[in-house]
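Report on the structure given below.
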Amino acid sequence: MSATVHKIAVIPGDGIGTEVVAEGVKVLEALRDARGRPLELLHFDLGADRYLRDGTTFPAAVRDTIRDECSAVLLGAMGDPRVPGMEHARDIIFGLRFGFDLYCNIRPVACLHDSLMPLKGRTAKDCDMVVFRENTEGVYVGMGGQFKRGTPDEVAINEDLNTRKGVERIIRAAFDYARRHGRRKVHVVDKSNAMRHAHELWGRVFREVATDYPELETGHQYVDAFCFNLIRDPAQFDVVVTCNLFGDIVTDLGASLQGGLGMAASANVRPDGVGMFEPVHGSAPDIAGQGKANPLATVLTVGMLMTHLGHADDEALLIECVRTAIDRRVCTADVGGDRSTREVGDFIVELVRRG
């Protein structure tokens, strides 16, 4: 009996997104050909160029195809100065994240080479944590409004939405991950001393869920203290779970410990259904088309995608390929090399083919 073919939707995005996703596609094709992975890539022409051409953002037909046929989405960075309102990006990103209820944003914050560690007296092994960011609630739901806009008496309100269901499922996902991967400790990061209603819920649910995982240590830090301590001593953190807004902020801070946003991968998943995988850097229109974009975050993101499909050994291989690229300086300038985006991708593909 032949293996189930996994269809992967490819949405290249804007700016450097198109460049790094092209290298991610090459890696996926190399895994398919060299390691016999049953992959089929479905390419969708979506992004700023398409929006400016005919107004298309995220058609229902594409949504349905992804929902009904695909196992994963590889998404490039979104954003283009020609679309200042980001209408296309909002529809695509939120259409995937909220439309498919991808409540679990997983962000590894791992330094893969000593040369990338910016902290004095620290090495790569001192930064190896995973952040679980709640992905469908919080202030990102867009509840609120403006009153007396444009006047001296203007009032602007954004609501922070937290449900028991939403909080518990992301906290449980973090504990489950720690247990499966032999991690030792789970921290919750909140601001319950100031947000005493919403974040009291986070702390209470965290303590309740923790009783189901007696072998794991637990910890709590306010988000401001966490940011301070992350730079002071990143080795103290293992698995971290936090709300949507704080997860967005602390993972970008964490990226500074792993070589920058060009090294930061992410997964947007739920236990069942399609997952969406994207490198977390922006579209960087100022360097688009110049071959300067670092594709290694996309390579690491492809690794997370392959684990989602049941091939964790592929992710392990790609992590080692990235370490090799950094060690041999076959990388872009931001992480110590002088190679182009395409040259780095070609090097990774050759390593994959060698096994």
Requested in this report: Could you give me the residue pairs with C-beta distances under 6 Å whose first residue belongs to the range 282-306 and is on the phi > 0 side of the Ramachandran plot and assigned to a helix (DSSP H, G or I), whose second residue is crowded, with 24+ Cβ neighbours inside 10 Å and among the aromatic types (F, W, Y) wherever it lies, and which are 6+ apart or on separate chains?
Outcome: none
**Report entry** All strands (runs of 3 or more DSSP E) inside the range 1-116 with 3 or more residues being in contact with a Gly (Cβ under 8 Å, 6 or more places away or on another chain) and not hydroxyl-bearing (S, T, Y)
**Finding:** 70-75, 104-110
Requested in this report: Could you please let me know if F132 is of a type in the set (F, W, Y) and within 29 Å of V335 (Cα to Cα)?
Outcome: yes
Query raised in the report: Can you tell me which of R63, R50, R32 is within 21 Å of the chain's Cα centre (by Cα) and either outside the structural domain of F277 (by TED's automatic domain parsing) or free of Cβ contacts under 8 Å to residues at least 40 places away in the same chain (or both)?
Result: R63
Query raised in the report: Does R149 count as of a type outside the set (D, E), touching a residue at least 24 places away in the same chain (Cβ under 8 Å) and not assigned by TED's automatic domain parsing to the domain that holds G337?
Result: no
Report task. With the checklist (1) of a type outside the set (A, V, I, L, M, F, W, C); (2) at pLDDT 95 or above; (3) in contact with a helix residue (DSSP H, G or I) (Cβ under 6 Å, 6 or more places away or on another chain); (4) on the phi < 0 side of the Ramachandran plot in hand, flag the one item P214 doesn't pass. Result -> (3)
Report summary line: Filter the range 184-213 for residues that are of a type in the set (D, E, K, R) and over 25 Å from the mean Cα position of the chain (by Cα); the one that is farthest from R164 (Cα to Cα) is D212
Query - Residues of the range 54-88 satisfying the condition of being surrounded by fewer than 23 Cβ atoms within 10 Å (Cβ to Cβ) and under 25 Å from V250 (Cβ atoms) - result: G79, M86
Report task. Taking the residues in the range 95-153 that are farther than 23 Å from L296 by Cα and acidic (D, E) as candidates, determine which candidate is surrounded by the most Cβ atoms within 10 Å (Cβ to Cβ). Result -> E134
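On the given criteria, is G142 of a type in the set (G, A, S) and at pLDDT 95 or above?
no
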Requested in this report: Report, by residue number, each residue of the range 298-354 that is more than 17 Å from the chain's Cα centre (by Cα) and hydroxyl-bearing (S, T, Y).
Outcome: T324, T332, S340, T341
**Report entry** Subset of the range 312-355 (residues that are in contact (Cβ under 8 Å) with a residue 40 or more places away in the chain, surrounded by fewer than 19 Cβ atoms within 10 Å (Cβ to Cβ) and part of a loop (DSSP other than H, G, I, E, B))
**Finding:** G336, S340, G355
Query raised in the report: Just wondering, is there one or more residues in the range 144-165 that are of a type in the set (G, A, S), assigned to a helix (DSSP H, G or I) and out of contact with any strand residue (DSSP E or B) (no Cβ under 6 Å at 6 or more places or on another chain)?
Result: no
Requested in this report: Select from the range 214-244 the residues that are crowded, with 17+ Cβ neighbours inside 10 Å and part of a helix (DSSP H, G or I) and list them in ascending order.
Outcome: V223, F226, C227, L230, P234, N244
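The values are calculated or read from the model by the stated rules, or taken from the named source; none is laboratory data. Fair warning: this is a prediction, and the values are worked out from it, not measured in the lab. Cβ: placed from backbone, ideal geometry, glycine included. Neighbour counts: every protein chain shown.
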